[in-house]
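Data block below; observations after.
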Amino acid sequence: MGFIALIFALLIEQGRPLPPRNFVHRWIVQAADALMIATNAGRRRQGAFGWFVLVGGLVAGTVGLQWAASLVHPLAVLVVHVVVLYLTIGFRQFSHAFSEIQLALAAGDPNGAREALQRWFRTIDPEYVARDMPIEEVCRQAISQALVDAHRHVFGPLFWYILLPGPVGPVMYRAAELLARRWQQPGERYGEFARDAFQFIDWLPLRMTATGFAIVGNFEDSVYCWRGAVATDTAEDPRALLLAAGGGAIGVRVADPELEARWSSADRGFDWQGGEPDASGLRSAVGLVWRSVILWISLFALLTMAAWLGQ
């Protein structure tokens, strides 16, 4: 059932994309903000309490919804899976911004590409400015954010959907990711637990996504860049490993130059000569993500077939 539900959800999402600021997202954001206001006393344990209340409540609600559907009909359970996957897994929540940048560059409109990047990144940082940014930097930031978003919107929740029973996994992953972003306040201890909890939940999925990039891309360069990232402390920004593997897989320098300099200083043998980001790098990134999707879906299909044959 899980594999069939995933295919239905992806097909529906391609035909009718879920708006980035949909009513479910707004409701959870409002609940997260209200909970932080009500429980924030500047200490880590209050943040842990708030995290368990919201994430635990969403997970419990998902379990209860699936149980209620199982009392009605197996098709009702399938519908619950499809709806949950539609709300938690999908490309179109971020791919439209990436496509706008591609189209602007293809039309020879660098200012349009900068404006598209700025609109995209202002959903993360309202003060972000891309005016007068070099095109190479526009492409680098677009590729790096696309790889991170592909992991957090597709591969991360899909990993937990395969691993955990029912649709609990994607709900837990996306809720934890949202709280890690939403409760991240400079100098505040309240969001520390949410950040650490998401890093723990994302530790294995992130490495599985990076492995997938290496398998479907340039394996040798991807592993080489991965080694450079591992040579430094990636605890501060775990995305470094993902960007290293993804950049190496497509042969493009997508990690921050300062970060690559740290890799070189930590590993004296690291001297990767990747290409500079450009419009062709954007196309390579799209191809890498889609090949990874095919890899993951094929793996899920094999696991489903093995489960059916084992019954």
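Taken together, the values in this text are just the output of simple stated rules run on the coordinates, not laboratory data. Source: prediction; values computed, not measured. All Cβ positions, even for glycine, are placed from backbone atoms using ideal geometry, and neighbour counts span all protein chains on display.
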Amide H of Val252: which non-local residues (sequence gap of 5 or more, or other chain) have their own amide H closer than 5 Å, using H built in the peptide plane?
Gly275
Summed residue charge, Cβ within 10 Å of Trp120's Cβ, Lys/Arg positive, Asp/Glu negative
-1
The range 113-153 shape via C-alpha gyration tensor axes, a/c threshold 1.5
oblate
On a 0 to 90 degree scale, rounded to 10, what angle separates helix 279-310 from the longest Cα axis of the chain?
30
Rounded to the nearest 10, the angle in degrees between the Cα long axis of helix 92-106 and the longest principal axis of the Cα atoms of the chain comes to 20
Two-decimal ratio, the chain, of alpha-carbon radius of gyration to 2.2 N^0.38 Å
1.03
Segments 71-81, 172-182 sorted - mean Cβ within 10 Å per residue, highest first
172-182, 71-81
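Calculate the FRET efficiency for Val230 and Gln118 from the Cβ-Cβ distance with a Förster distance of 22 Å, rounded to the nearest 0.05.
Values: r = 33 Å, r/R0 = 1.50.
The computed FRET efficiency comes out at 0.10.
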With label points set 7 Å from each Cα along the Cα-to-Cβ direction at Ala60 and Ile12, the distance between them in nm comes to 2.6
As I understand it, the value is the acute angle between the Cα axis of helix 23-39 and the longest principal axis of the Cα atoms of the chain; what does it come to in degrees, rounded to 10?
90
Just grab the label-to-label distance for Arg92 and Ser280, each label 7 Å out from Cα along the Cβ direction, in nm (one decimal).
3.2
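Based on the inverse mean of 1/r over its pairs of different Cα atoms, what is the Kirkwood hydrodynamic radius of the range 84-193, in Å? It would help to have the intermediate numbers written out before the result.
Details: mean 1/r = 0.0646 Å⁻¹.
When all Cα pairs of the range 84-193 are included, the Kirkwood radius is 15.5 Å.
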How far is it, in nm, from the label point at Trp203 to the one at Glu258 when both lie 7 Å from their Cα along the line to the Cβ?
2.7
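Would you please put 53-60, 152-159, 87-94, 289-296 in order of how densely packed they are, using the mean number of other Cβ atoms within 10 angstrom per residue and starting with the highest? Walk me through the numbers before you get to the answer.
Details: 53-60: 16.4, 152-159: 24.1, 87-94: 20.8, 289-296: 18.2.
Packing proxy ranking, top to bottom: 152-159, 87-94, 289-296, 53-60.
Within the set of other residues whose C-beta is less than 13 Å from the C-beta of Ile89, count the net charge using Lys and Arg as +1 and Asp and Glu as -1. Walk me through the numbers on the way to the answer.
On the way: positive: Arg92, Arg152, Arg174; negative: Glu13, Asp149, Glu177.
Here the count lands on 0.
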Ranked output for segments 39-45, 214-220 by mean other Cβ atoms within 10 Å, highest leading, reads 214-220, 39-45
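Classify the range 168-249: rounded, prolate or oblate, from the alpha-carbon gyration tensor (a ≥ b ≥ c, eigenvalue square roots; a/c under 1.5 rounded; otherwise prolate if a/b is larger than b/c)? List each step's numbers first, then the result.
Numbers: a/c = 3.27, a/b = 1.75, b/c = 1.87.
Verdict is oblate for the range 168-249.
Report the local net charge at Ala175: Lys and Arg +1, Asp and Glu -1, summed over other residues whose C-beta lies under 13 Å from its C-beta.
On the way: positive: Arg152, Arg174, Arg181, Arg182; negative: Glu177, Asp202.
Spelling it out: positives minus negatives among the neighbours equals +2.
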